[in-house]
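To start, the structure itself, in structure tokens.
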Amino acid sequence: GKGTYTYPDGRGTYDGEWKDGKRHGHGKFEYANGNKYDGDWVNDEQNGTATIVFKSMNVYTGDVLDNKLEGHGEMIYHKDIKDNNLASYKGEWKNNLYHGKGSLQFKSGQVWEGEWKEGGRDDGQGKVLKKDGSILYEGELKRDKYHGKGKLKCSDGTSYDGDFINGLFDGK
């Protein structure tokens, strides 16, 4: 059936569907810490799709599995995170972290596209786009730096097509 339950331990209030005494179906949970979950539940676990509004006002919309961000989803950031000035991330998630293909947009408008691993840029191919959508850099990346073969288009109109090591021109 449907119903509302306020947890006596103070963790929050659930309003939604129930099955055999467990949260099951669609429901909303308002946590005591200010976070709000609106989505699917299976056997008392957050599983399916959801919208989560965090107390920081960051908003996640996408897949959840076993109470974690897992699968495909988008996070819209409303506060600066560790001075990175993030605007949004759209792509694959694993264990609450960016993991798989995705794009990270900064408030400046710059976008990093490519592979992510355990919350950080994965080594491999990627793109960095300017605010207008044009390509700033396309090529190999390693630990969030241009590394390997790549093409860089500078703001003064010059370009470099060649080798990079740790973000610097190096080689041919």
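Would you mind getting me the FRET efficiency between Val42 and Phe106? Use the beta-carbon distance for r and R0 = 45 Å, nearest 0.05. List each step's numbers first, then the result.
On the way: r = 35 Å, r/R0 = 0.79.
FRET efficiency, Val42 to Phe106: 0.80.
Report, by chain and number, residues whose modeled amide H sits under 5 Å from the one on Asn35, excluding near sequence neighbours (fewer than 5 apart, same chain).
Residues meeting the criterion, in which the H sits 1.01 Å from N, are Lys55.
On the accessible surface of segment 34-172, probed at 1.4 Å, how many percent belong to carbon and sulfur atoms?
C and S fraction of accessible area: 49 percent.
HN-Hα J couplings of segment 16-22 from phi, Karplus 6.51/-1.76/1.60, θ = phi - 60°, integer Hz, Gly and Pro as x?
Rounded to whole hertz, the list is x, 8, 10, 8, 6, x, 10.
Per residue, how much accessible area does the chain show when a 1.4 Å probe rolls over the protein heavy atoms, in square angstrom?
60
Which one, Leu136, Leu69, Leu104, has the greatest fluctuation when you compute a Gaussian network model over the chain with C-alpha springs under 10 angstrom?
Greatest mean-square fluctuation among the candidates belongs to Leu136.
Out of segment 89-143, which GluC sites (Glu not before Pro) are coil in DSSP terms and have no more than 13 other C-beta atoms within 10 Å? Working shown, then result.
Values: sites: Glu92, Glu113, Glu115, Glu118, Glu138, Glu140; in loops: Glu118.
Qualifying residues, ordered by number: Glu118.
How big is the chain in terms of Cα radius of gyration and Dmax, in angstroms?
Using the Cα atoms of the chain, the pair Rg, Dmax is 20.5, 68 Å.
The values are calculated or read from the model by the stated rules, or taken from the named source; none is laboratory data. Here the structure is a predicted model, which means the values were calculated and not measured. When we count neighbours, we look across all protein chains shown, and the Cβ atoms used for this are built from the backbone with ideal geometry, even at glycine. Note: accessible area is taken over every heavy atom of the protein model, side chains too, but ligands, DNA and RNA are not part of it. Shrake-Rupley method; radii C 1.70, N 1.55, O 1.52, S 1.80 Å.
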